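What follows draws every value from the coordinates through simple rules; no lab data is involved. Keep in mind the model is a prediction, meaning the values are calculated, not measured. When we count neighbours, we look across all protein chains shown, and the Cβ atoms used for this are built from the backbone with ideal geometry, even at glycine.
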Amino acid sequence: MTESLHAHTADVVVIGAGIAGLMAATTLSDRDVVVLEATGRAGGRVESVRQGDYWINLGTQFTEGTGPLIDALERHQVGMGTLAGKKVALALHGKQVDTSNPFALMFRSRMNFRDRTALAAIGARILAAAPFLQLNPDNRLAKRVRAKLDALSASYVLRGVKSEVARDMVRSWAGQWMGCESEETAATQFVISMGILLTDPAKVPNFSLPEGGN
Ligand SMILES: Cc1cc2nc3c(=O)[nH]c(=O)nc-3n(C[C@H](O)[C@H](O)[C@H](O)COP(=O)(O)OP(=O)(O)OC[C@H]3O[C@@H](n4cnc5c(N)ncnc54)[C@H](O)[C@@H]3O)c2cc1C
């Protein structure tokens, strides 16, 4: 079998048309950029499919209200919806679980002293940073904390933590909330979402989401 080959020269070659590759390509769009994608579609883990009257988000659903991603969505005129007024519930073994107090929820489960202490240390790290990220993004301190966390992955909250239960919980939070490993996502996104969830769960529905819904 013969395949047609052609040569192409560019200033920048981006591998992968996931959101990271597309952000890199649009940021560098003043140069000659080529994006190479292994599959037949752009978007990577961002994908919404229509099923009848509904859109199902197979990947990303939520993003928070400021930052380069929101700027890019606005630049590309991607419509945003809100979860305000929508309700979610958690069911376990056929019974609805009271999720109104996430702290109580975590500590109700059976854990030994070491696991509880590790979880408390992780919670303390999240709670120490979260209030700064909820300040006006132009605030100097908020900018400093955001820049520091942007440079770290979410797994920074596990620094020095030996408890496997606590490590599994963080991995599972990242998986549930971000759809990725804690090493793969910026600490900022993790701290904001977990911080708001822990301190003010009522605010969670105000996260914006690309139009289409869940
Ligand atoms: C179910 C789910 C829910 C999620 N929910 C959220 C959420 O609510 N909020 C949030 O912020 N994040 C969420 N995420 C995570 C978010 O979708 C990902 O972190 C993000 O999309 C990753 O983008 P990326 O560009 O780094 O990687 P990817 O989206 O994985 O893109 C990588 C791209 O590179 C391509 N590629 C790989 N290797 C090659 C190669 N050798 N040559 C060419 N192309 C290649 C792949 O085909 C792919 O298209 C969720 C993810 C999932 C799965």
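For the reader, a short list of remarks on this structure follows.
- Least to most buried among Phe132, Phe190 (fewest other Cβ within 10 Å first): Phe132, Phe190
- The fewest-to-most ranking of Thr26, Thr60 by surrounding Cβ atoms within 10 Å reads Thr26, Thr60.
- Ascending count of other beta-carbon atoms within 10 Å, so fewest first, for Met23, Met178, Met194: Met23, Met178, Met194
- Sequence-distant residues sharing a close amide H with Met80 (under 5 Å, placed H): Glu211
- With each label modelled as a point 7 angstrom along the Cα→C-beta vector, the Leu198-Val78 pair spans 2.8 nm.
- Each residue of segment 11-16 was assigned a 3J(HN,Hα) from its phi angle through the Karplus expression (A = 6.51, B = -1.76, C = 1.60, θ = phi - 60°), giving 5, 9, 10, 9, 9, x Hz with x at Gly and Pro.
- Using θ = phi - 60° and Karplus 6.51 cos²θ - 1.76 cosθ + 1.60, couplings along segment 24-32 (whole Hz; Gly, Pro as x): 4, 5, 6, 5, 9, 5, 6, 10, 7
- Looking at segment 12-82 alone, DSSP beta bridges between its own residues are antiparallel in about 45 percent of cases.
- Using θ = phi - 60° and Karplus 6.51 cos²θ - 1.76 cosθ + 1.60, couplings along segment 137-147 (whole Hz; Gly, Pro as x): x, 7, 4, 4, 5, 4, 4, 5, 5, 4, 4
- Label-zone membership for segment 39-79, site Ala20, 7 angstrom Cα→C-beta point, backbone N under 12 Å: 45
- Within straight-line cross-link reach of Lys162, aspartates and glutamates at Cα separation under 15 Å, skipping those fewer than 8 residues along the same chain: Asp115
- Summarising the amide proton neighbourhood of Ser153: residues at separation of 5 or more, or on other chains, whose placed amide H is nearer than 5 Å comprise Ala187.
- Segment 145-204 and segment 1-42 have Cα centres separated by 31 Å.
- Remark on Cys180: its backbone amide H falls under 5 Å from those of Gly175, a criterion applied only to residues 5 or more positions apart or on other chains, H modelled at 1.01 Å from N.
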